[in-house]
Amino acid sequence: MARVAADPTLIPHGTANGAQNYDCRCEPCVEARRAARRVGTPRLRPACGTEGGYHAHWRRGETTCQPCRDAHAAYQRERVVTP
Ligand SMILES: [Zn+2]
Ligand SMILES: [Zn+2]
């Protein structure tokens, strides 16, 4: 990736690319950088054996594994509300 410290008019303001490569502080660039960070971080899949892992299986249409089923069962037990 070439880091060009050149003519500021060449900076693609308001794009994630421009904001990240040129370190521009103008408002469109700051906003673009913020947006890029929001969508740019891939959400890690929750580990198996947790309630999150259980749902990750479902979201992907997979069969839940035993550790996840155990975690989900435990979660359901804990969630039982007593009025
Ligand atoms: Zn800019
Ligand atoms: Zn699992």
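Key figures
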item	result
Flag if CYS68 is part of a loop (DSSP other than H, G, I, E, B) and within 16 Å of ligand 2 (Cβ to nearest atom)	no
Pick from the stretch 8-40, criterion assigned to a loop (DSSP other than H, G, I, E, B) and not hydrophobic (A, V, I, L, M, F, W, C), ranking: nearest to the chain's Cα centre (by Cα)	THR15
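Readers should treat all values here as calculations from the given coordinates under stated rules, not as data from a laboratory. From a predicted model like this one, the values you see are computed outputs, not experimental measurements. Don't worry about glycine lacking a Cβ; one is built from the backbone with ideal geometry, like all the others, and counts go over all protein chains shown.
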